[in-house]
Structures are given as structure tokens and as C-alpha cells.
Amino acid sequence: MSSTAATPINQLSMSEQLQRLQNKAISSVELVDATLAAIETHDGSVGAFLQVYPEQARAQAASFDERRARGETVPSLAGLPIAIKDNMCRTGDTVTCASRMLHNYRPPYTAGAIERLERAGAIVVGRTNLDEFAMGSSGENSAVQLTRNPWDLERTPGGSSSGSAASVAARYVSGSLGSDTGGSIRQPAGLCGVVGLKPTYGRVSRYGLIAFASSLDQIGPLATDVTGAAILLEAISGHDPRDSTSVDVPVPSYSQLVQQPLAGLRVGFCPAHFSEGLDQEVAQTIRQALTLYRQLGAEVKEIALPHADYSVAAYYLIAPSEASSNLSRYDGIHYGYRSDKFENLADLYAASRGEGFGPEVKRRIMLGTYALSAGYYDQYYARALKVRRLIRRDYDEAFQEVDVIAGPVAPTTAFRLGEKNNDPLAMYLSDIYTIGTNLAGIPAISLPAGYSKSGLPIGLQLQGPAFEEIKLLQAAYMFEQAAGVLERKPGMVGG
Amino acid sequence: MSLSAKDVEKVARLARLRLNETDIEQYAAQLSQILDYAAILEAVETEGVEPMVHAIELANVWREDEILTSLPRQQALQNSPAQDGKHFVVPQILDAS
């Protein structure tokens, strides 16, 4: 263990970084340089970033430093380096979704969440790797490169926000943005030992987020600690008229409220979350977390989610159906990859899409097209939507009894790279505990709960009622303080 | 549920995806496996349940019908793999004769 004095500044928590920037104990240029140096040293082996913007980041940092030196008022995150997932648009950047299809795409607009982040003063240092079009649970579906788990380079960081989780776990940055359609923020956060929050559907603008499944997608924060996640969530939340599904409700001051303990907290747990297929070490760690909540004065009680076992099946009909429709825009004409092997227009579409998309994206387009096709629509898609409503009702009833539902994030710790590559169904089942959240549209947080004997992180998930992110953050912060899980870091960065 | 190579070819045509023989064979097996798993939904009683298409059920969002600046043509065309400065260029779709 390194002593605090020797901790490189990029490894400090977000709140500490912001405090030191504000006190002028460090400059933003120093912080950005430390981040860039860490990326330079470690990212050859981790592979979290697809693109890094050193000159732009240094110039922005220098500008904030000058404004601070002149005594100007600067925004709350002024000079803070952040990583973003490479499926969020920003003018001037190339945004690839880790797909051959978008290898040279330069968006003419900036995502609402990125606009807010930059308006708050954050500096985008780079774009992180993902499963192609955010479809996957291991990062291995990236058409560009493999991202490795900083805790064990032979293992997956999880996905689809593989690079956003790995960049925080490797402590290049104290926070990043990911997107979550079925667990794509929470599962990699859990496997990488960091905090990840999927906001309520409609809490954060999806304008400029490249669509996967529009009724499920949400942008959210990842950070080394709960307070960091609260700070970023506050910066990106809020109504955006350009996303008509974004909801016009006030944004609480998450960063101010997160550290206030919740009195009379009621924590639910669901037996379906401890069923067959759950690793014993993970189960034990989650049970210990429930015990800790009891010791903290919370009431811990069993609740039922009777339709939880159907969530993966419903999700893998609904999400691919939406994806097959959303991804029909990639036609080889308006933007993206165009094949040169065609004779007519129909050929141009089919060849460009056949060559431009990777195997998992094509698998999901096929699955969705089938589920929506004449003769099968009622049997698959319509039935899945009815089950979705039953899943939502289960949560509504459970939240009459409890404030949050605690359980595992994923059935196992980080699995080996390549382990589930040839078995799509096994890969889909690794999302079993996270998917219900997206179907119901509610928020959930994933945070480090402990470590396996072999030293791999184990994540705790807390799910909460719609627009009650603050309860999740406060309940998570209580656990984080009491459990003492923040002491550990991956060995490669001095942990 | 077992999908044949022919079924897969039909879906690929609907989805405008050119697949090779190996893909078709592999997708037939994998999609069959996934659809078999999805059959567990048949056990759920869904009589009288309304389909839930969106996570937050919003009524229509109205706004004033105002004219705003739209994307300049050059920017709209900038990502096209084939354009002539004014149009997206596509293969001929009508017979020349």
C-alpha cells in the first residue's frame, strides 16, 4: 500500500480533486498531465481508451487555471478530467461506437449530457471502448480492441461500458460516463470494483447518445466512490427539450445530499436474486452487506419480485426489436461504412450492413427482425411487452414495503476473456440481475461490496423507485463508509 | 423452436443483411437456442395485461410550431460516403431506357 502523500493526484477521489483545484493546491494542468501520464503508462495493457485528446485537454485545463488565477468564478467541475463512452456525440470528435460501421463518423452536434458536463467545467480527456453499439457484457464485441480488467488482465472488465469502467478502475480518472440499456454501466462497474449508477429513464437526456434500444437506454456516471457518482449525476441530469422522453422534474443537489444518512432505511432483498447460478462467494458477500445494513439500523426484509425470472427472456426480445429498428438507419448512404461490392440499391444496403456490423450486432438485428416479423409479433414482441408491465408492477409493489432492493450485480466475479464468446445465451444470462431495472425504467446503483479470495471485486446493487436516485446514493454512501471497501485498488496502480 | 437456414435467409433479407454460409448456419443454431429460452414467457399469465412500450408513460409532448435553424447542407452531407456537394449519391434505381 502506498501512503497518502505518495498517491498520484489522478488517483484521488473526485471530491478531493475538486477541493484541491478549488484551493489551488493543484492546478488543472497538473491533474490533466497526471491523467495523461497514467494513460500513457498503463493503457497499452488495459486498452480502455479508443481516443485521447491530450492537446485539447491541456488547453482547456490551462484556460481554467488562468481564470482561477484571475479570481474569476468558475463552474463547479472546472478543470476536472473525465472519460466518456464512445457512443456519445460531440462536435469535432470522431464517434465510432467501436464499430466498423461508424469508423469515420463525425457528428454535427453534441449530446445533451456532454454539453451539461462541459458547461459544468469538466474536461473530456478521451473516448472509451465499448461492445459494438453497446451490445455485450464483456467488451469483447468491440470491433476495435480488447479492454482488460485492471484487477486481472486476463479477465473481462464487463460491458458494454468496458472502457469507462476500466479507466476509472485503473484510476486514470476519478469518473466517467457510460450508458446502460440492460446493465452496461452497473455490471462493468461491479466487475471492476467501482461505482456505477443507472438513472431513472428520462432523468438524463438521450439527445446525442447513439441509440441502441430507445425505451431502455440511459446515460449515467461511473466513479471511484459514491460521492463522485453523485457529483457527476448532478452535472448531467435535467430536462432537455431535444429528447422528448426526458422528464421535466427538478434535479436534487445530489452532491450536497449524498453524505446525509437515511433514518429509518428499509432494505429489501429478493430470494430470486440468490437462486441457482449465483457464485457462492458473491452470495456470501451480499448476505454480509445485508447484515451490515442491519447493524447500521436499517430494517432488512424479504420482498417478492414474482416475475424476475422472466426478465432476461423479455429483455432479449424487446431490446433486439428496438435495435433492429434503430439500426436500420445505417444504410451505407447517409453516413457510415459503404461496401464497394454491390450492383443495385438493395445490394448496397445489404453489403454495407453485412460488412459494417460485427457478429453480435447482426445477431441482435436478426433476432429483433424475427420477433417483429409477420406471424411472430404477438408470440414474441407483444408478449414480452406484457411481461415487462408485470415486472414493473412487481417493483411498484415492492417499493410500498422498502426504500431500496439490495442484491448482487452479476452472478460471478469477472470472467476470463474468451470464456463466453461462443455462447450468446450464457453471455445474456450474466445480465440477469441488472435487466429488470431497465425494463421497469427505475434507477439502480452498483458499488464495491467486497473481494473474492482471489482478489476480484464483488459488486452490490441497490435498486430504487423512479426518480429516487438520492435514496440510492445515500444508502450506498452509508454502506461505503461502514464497509471500508475504498481502501483497495488494483495492484497495477499501487493497490 | 428450430430455425432452418431458409428461415434465417428470409430474416436476413428483411433486415437487409448480407450473410455468408457460415453465418447463416451459426445464426440458425444460436437464434433457435435463444428463442427456445424465450419460450419460458409462454408460462406467464398475460390475459388482460396492457403491453408496456415505454418505461415512463408520457402523454404527447406539445411544443410551439416554431421555425428553427436546421442543419446546414454541408454538415448534413459531411459523413456521406458518396455525395456531390448537393446530394447523397446512390446507385441508379430506375431503368435508363
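Per-structure values
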quantity	calculated
Average Cα contact separation per residue, chain A, under 8 Å, 6 or more apart, as relative contact order %	17 percent
Rounded FRET efficiency, nearest 0.05, which uses the C-beta distance separating A:Gln256 from B:Ile93 and R0 of 56 Å	0.40
In sequence order, calculated HN-Hα J values of the range A:170-185 (Karplus, 6.51, -1.76, 1.60; Hz; x Gly/Pro)	7, 6, 5, 10, 8, x, 8, 10, x, 9, 9, 10, x, x, 5, 9
Span from the the range A:364-398 Cα centroid across to the the range B:1-80 one, whole angstrom	11 Å
Integer Hz, Karplus 6.51/-1.76/1.60 couplings in order for the range A:136-149, x for Gly and Pro	x, 10, 9, x, 6, 7, 4, 7, 9, 7, 8, 9, 10, 6
Accessible carbon and sulfur surface of the range A:176-273 relative to its total accessible area, %, 1.4 Å	54 percent
Separation of alpha-carbon centers, the range A:433-495 and the range A:293-346, rounded to whole Å	22 Å
Size of the A/B contact, given as accessible area buried on both chains, probe 1.4 Å, in Å²	5300 Å²
Cα centroid of the range A:75-102 to Cα centroid of the range A:231-282, whole Å	23 Å
A:Glu302/A:Ala59 FRET efficiency (R0 51 Å; Cβ-Cβ; nearest 0.05)	0.40
Among A:Val74, A:Ala143, A:Tyr349 - extreme Cα towards positive end, dipole of chain A, charges at beta-carbon	A:Val74
Cα pair distances of chain A binned at 20 Å [whole percent]	26, 59, 15, 0
Dipole of the protein assembly as shown [Lys/Arg +1, Asp/Glu -1 at C-beta], most positive-end residue of A:Tyr53, A:Ala313, A:Ile286	A:Tyr53
Virtual spin-label span in nm between A:Ser214 and B:Asp36, 7 Å along Cα→Cβ	3.5 nm
Volume per residue that the Cα convex hull of the range A:56-138 spans, once the total is divided by residue count, Å³	98 Å³
Listing of the range B:46-77 residues, each with accessible area lower by at least 40 Å² in the full protein assembly than in the chain alone (probe 1.4 Å)	B:Thr46, B:Val49, B:Pro51, B:Met52, B:Val53, B:His54, B:Ala55, B:Ile56, B:Leu58
Efficiency of FRET from Cβ geometry, A:Arg70 and B:Leu14, R₀ 45 Å, rounded to 0.05	0.15
Neighbourhood charge, 14 Å Cβ-Cβ cut-off, centred on A:Gly178 and excluding it, Lys, Arg +1 and Asp, Glu -1	+1
Solvent exposure of chain A as accessible area per residue, Å², 1.4 Å probe	32 Å²
Cα-based equivalent ellipsoid of chain B: semi-axis lengths in Å, sorted from largest, via gyration tensor	39, 31, 12
The range A:47-59 - phi-based ³J(HN,Hα) in whole Hz, Karplus 6.51/-1.76/1.60, Gly and Pro as x	x, 6, 9, 8, 9, 10, 10, x, 5, 4, 5, 5, 5
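The values are calculated or read from the model by the stated rules, or taken from the named source; none is laboratory data. Quick caveat, the model's predicted, so the values are computed rather than measured. Methodologically, a virtual Cβ is constructed for each residue, glycine included, from the backbone with ideal geometry; neighbour enumeration extends over all protein chains shown. When the accessible area is computed, the model is the full protein with side chains, heavy atoms only, and any ligands, DNA or RNA have been set aside. Shrake-Rupley method; radii C 1.70, N 1.55, O 1.52, S 1.80 Å.
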